[in-house]
Every structure is written in C-alpha cells, then in structure tokens.
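What follows draws every value from the coordinates through simple rules; no lab data is involved. Since the model is a prediction, treat every value here as computed from it, not as a measurement. FYI the Cβ positions are ideal-geometry reconstructions off the backbone, even for glycines, and counts take in every protein chain you see.
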Amino acid sequence: MVTLCDIQDKFSRAILGAQNEIVMNEIVMTEIIAGEITGEGDLALGLTPQARINIYRNNSFITLSRALAKNFPVLCRLVGQNFFDHLAEKYVEKYPPVTPLLMSYGANMPEFLKGFDAVKDLSYLADVARLEHLWTMSFNGPDATGFDLGLISKMDPERFDDLIFKFLPNMQLMSSVFPILDIWLANQEGAQKSEDIDLDSGPCYLVIFRKAQVVEIMTLDLANYTFFEFLGSGETLSCAAEKVTTKYPGFNLQAAMNNIVQNSMIEHFECAKN
Amino acid sequence: MDSSSWVPIPAIAGVGLKPQHYEEILSLGPKAIAPIGWFEVHTENYMGDGGPPHHYLEKIRQDYPLSMHGVGLSLGTAEGLNQDHLRGVKNVVDRYQPALVSEHISWSIANGVYLNDLIPLPYTAETMKIIGDNIDLVQNFLGRQILVENPSSYLLFKSSDREEPDFINEILANTGCGLLLDVNNVYVSCQNHGWDARDYIARLKPETVGEIHLAGHAVKEWHGQTLRIDDHGSNVSREVWDLYVYTLSLMGPKPSLIEWDSNIPSLMTLQQEAERANSLLRKFPGVIDDQGARKNG
C-alpha cells in the first residue's frame, strides 16, 4: 500500500521536474463508457491522469510566476511579460519556495540573473532585481517604534562623540555601478519611458527606507553612503565622521546628520561610554 | 479548549479584503459599504513584520468582524507541519483576534517545498490520522477551534477508500473542528468528477458548518474536455447560486463570503455580490441585521 508520504513526494517531484510518470499510477483513470456523457458535454471525465497532473503543474508555476512578477515589476517590464514568464519558470525550478510566505519570494533573483545565459550580458538587470527585493523588504519590514529626538537634546553635548545609532529596521543600503534608480524610476507604472538612460553614467548609492507607509529611495553621494555604512555597522558618531572626513575631505557632517534626523531614519541610540 | 473565546461571525455576507480597496473602505465607512458585513483576509498576506498591510488591517479591524483564512499550513502534509509557519499564524491570530480562523483539507508542502496550490488528498485511514493529528496540533497551539475547507479538485487518488463527504464528516468528528463549506468547490469538484453536488451537500452535517464560501470559477477547454477551474476570478455562477440556495434550505443561514482573488473588481461589484447573498440569506429564518451583526465582531 502506497503511503501518503510517498504520494506527496512523488507528486511534488512530478510537478517540479515535469515528470508526471512518477505519480501517474496513483491517479484514477476514469473510464468513459460510450454514450454515458450526455447533454452539454459538460463533464471532464475523459481527462487522462497525465492531463490532470498538468493542471496542478500549470497552476503551481503560473501562480508562483505571478508572485515573482508582483515582487519584481520593473524587471518584468524591462524584459517583457513573455520572457519574464520563461525566466520565472526556470527560477521556480531552481529555487522553489521553502515557505508559504511569498511576499519576499525571489531573494535569489539577482544571483539567478547573473547565471541566466539569455540575459547575462545585461548585468544591470541583477542590480535592478536587487533594488526591487530591498524595496519589498523595506515595504514589509518592521515598523519603526518612534524615536524621541528630545532625548538627544537633553544630553551633554560632550557625549555626542560617543553616540551609536541604530537605523530603522526597514532601512537598506545599496550601491551599483549602474544608474539603477534612474532605470527603476523610468519603469514605474505611469512613468514616461526614458529612452536615453546612459548605462555608463556612473555608479549610484542608495538608501531604501519606509517613511510611514511609503517606501522611499534616496540617492546619496559616496561620502554620505560611506557614513551610513560606518554608522550602520555600529561605529560611534565621532569615529564614523573622522573616517569619512579623512577619505572625503568635503564631507559635511552637519548636513549628513540633518538628513538623517529630518527623515526619521534613527530607531534608537546609545552611548558607547556610560 | 475554551469555546467561549470563539465568537462566530453572524450569518450575513462578507467579502475578501483586497489592498486595492483599503482606502475606499476606510473613507466610506461601514454604513456606506453595507451590505458588506465583515471581511476575510488570507492569513499569509499579513504575516510580514510591518508596513502597509498591518497599517490598514488594524484600522479596518476596528470597524468590522474579521475572518483569517490560511493557505499555507498544508494540514494534509505527511512530513509534519512547518512550525515556523504555525508560530507566524499564531502571532497574527493573537494580534487581530479574528472571529474565524480557517484552513484547507489539502496539502501544499512536500520535501520542504511549498507548491502554492491546494492539492487533494487520498481519502484513507492513514490520511485521516495524519490530517487529524495536524488539526489537533493547530487547534491546541492556537487555543481555539478552526474551520477546514472542502477542496476543489481535478484528480482523485486510486488509494482512496472512502468518499469525500464521508471523509470530511470523519475529520470534523475526530477533531472537533468546523467546516468551511465552499459551495463553489463542491460544484467544481462534482462537475469535474461526475459526482452529485446536492447529494454531497446533503451528506454534510449543518451544525458543523461555520462559514460558506461563494466564488466564481473559470470554464476551460482542456484536451478536448470541459474543465472547471476554481480561480476566484469572476462573478458567482448561476449554478453555484442555485446550489447555495439549496445549501441554505438544508442548513439555515450561515456567514457567507464572496471570494474574488484574481481580476479584482471594484468594491461596488463586491457590494452587489454581497447584497445578492444577503437577499438569499434573508429568505431563511434567523438572519440578523447588519447593525446587530457588527456588535459581535
């Protein structure tokens, strides 16, 4: 007697590997007796087990492709729906979901695109996918708990040097050698498609975060981006400022801190020395 | 289990909550969107850490009773429930305190892979033991009764040794869970397998039914055969409304959900479908009005 575990193992492999024959023998083959189906011809009794398994295979792949298209709308627009469907099918075969939470499905898309022959010369696509995944992470990321700026103003200014900031839990940093934000903006729904994005126009440095319910993508210069990286890794304010200023003498600490505070990017802070 | 913690949604129409309608629902308010009396969400869509889904559901929950309908627990899985997922479901159920929590009589996970489909089970003693143990585990973990939904299916397993309505009745008796009777699924499965839909429904026990689902389905030509696919992407069909009336005539009024998950229509269209369900519900005794209904949320 075949066990449920066997059936589910075989069925799953049949769907993901397009090998219906593995499980075909477990499926009822309905015999149609001539003349039995009458009237509207409405019954589906004559379907073979092969065709019935295909319904499930199609449904899994179509709905998972849709989940990917929802998570990577710009990528989908850039390569076109037909090619995206093909790419998504290959993605699902290689990285089928291991959790029912599909809101973040596709974390391996950037790596996958780098190795996908048909697009591997379009290396900016992987970075577009990376930005879209970070956007999704920020969209669904934890809510900010609300930070009281007044706490800093009550502090002895001499202790500012030792402050360590924790950024918003939904904040992400990303850099690319391509103008990814321009590409992303030009491919938003309703955007006028720009034909003249120069892929060699230089790198971009981005911070992605959620302000209330809206995901924001902000462009930084390299000095500010580096400052964010240092602060994000737990460096004290003075340490981060000193390292950035040494490398980028034009760095404006006051403007950088204003930007961070005005956009409520801080979740909380602590003092390195108590 | 403390049965007093389970406050049922009254027997009026609700609809599936969609992000496209969040703003409209909040700006119009409960009176303006009557006859929609309650909302159902897919549990998994609210299992992210934060962000807009929670922001809107928190607000909508304040004005309406809520039902949480899961698609990811894979109750019929032979390899054991995904514990992380179960914990996630509990977190969101604890947070929103829905009036109903439901899942499916099917499986979706094998070898750790989630197939994103509700795949039918062979109806055997072994399956009964597996799904029964899984449902026990879920009800104990959540500390409440759940409803389980009858499947729509396109194939049957040779190893099945009992019929679907009997299998369902046995699950309900063994676990104490309730039935989410999806009338569209009954219709689709019966058409696809040549079963008698009225006989199927007549064999179920009215007192076990905690909710009814109504949805549209697609009719496809497939390998020269007509096949009905449960895609929740259109108006409820005439045949399903007829079967719904038959169901109400046997079971009395039940909370009834209009499910519409693809080709999402306007809120107005959902209101019209909800009103159609309400007008049928009013023909059977015991229907509560909308105002009384909301008090139970």
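Summary of values
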{"quantity": "Spatial separation of Cα centroids for the range A:46-98 and the range A:164-185, in angstrom", "calculated": "29"}
{"quantity": "0 to 90° range, to nearest 10: angle between helix A:222-232 axis and chain A longest Cα axis", "calculated": "80"}
{"quantity": "Cβ-Cβ FRET estimate between A:Ala107 and A:Asp162, R0 fixed at 41 Å, reported to 0.05", "calculated": "0.70"}
{"quantity": "The range A:79-128: trypsin sites (Lys or Arg not before Pro) falling in loop per DSSP and having at most 13 other Cβ within 10 Å", "calculated": "A:Lys120"}
{"quantity": "Beta bridge orientation in the range B:25-131: antiparallel %, DSSP, nearest 5", "calculated": "30"}
{"quantity": "Sum of -39500 (n - 2.57) over DSSP H runs of 4+, divided by residues of chain B (222 nm, nearest 500)", "calculated": "-12500 deg cm²/dmol"}
{"quantity": "Cα-based shape type of chain B, given that a ≥ b ≥ c are square roots of the gyration tensor eigenvalues and the cut on a/c is 1.5", "calculated": "rounded"}
{"quantity": "Difference of contour (0.36 nm per residue) and Cα-Cα distance, A:Leu199 to A:Ile62", "calculated": "46.1 nm"}
{"quantity": "Virtual spin-label span in nm between A:Asp148 and A:Val2, 7 Å along Cα→Cβ", "calculated": "6.5"}
{"quantity": "Extension gain from A:Met155 to A:Leu185, taking 0.36 nm per residue of separation minus the Cα-Cα distance", "calculated": "6.7 nm"}
{"quantity": "Lysines whose Cα lies under 18 Å from that of A:Lys114, excluding same-chain neighbours fewer than 8 positions away", "calculated": "A:Lys90, A:Lys94"}
{"quantity": "Computed label-point distance, nm, for sites B:Asp161 and B:Ser234 using a 7 Å Cα→Cβ extension", "calculated": "4.1"}
{"quantity": "Inter-label distance, nm, simple model (7 Å from Cα along the C-beta direction), B:Ala125/A:Lys90", "calculated": "5.0"}
{"quantity": "Global form of the range B:106-207, assessed from the alpha-carbon gyration tensor, a/c cut-off 1.5", "calculated": "oblate"}
{"quantity": "Beta bridges by DSSP in chain B, antiparallel share as percent, to the nearest 5", "calculated": "25"}
{"quantity": "Entries of B:Lys129/B:Lys205; B:Lys18/B:Lys90; A:Lys70/B:Lys205; B:Lys18/B:Lys220 with Cα pairs more than 32 Å apart", "calculated": "A:Lys70/B:Lys205"}
{"quantity": "Formal net charge of residues neighbouring A:Ala14 (Cβ-Cβ distance under 9 Å; K, R +1; D, E -1)", "calculated": "+2"}
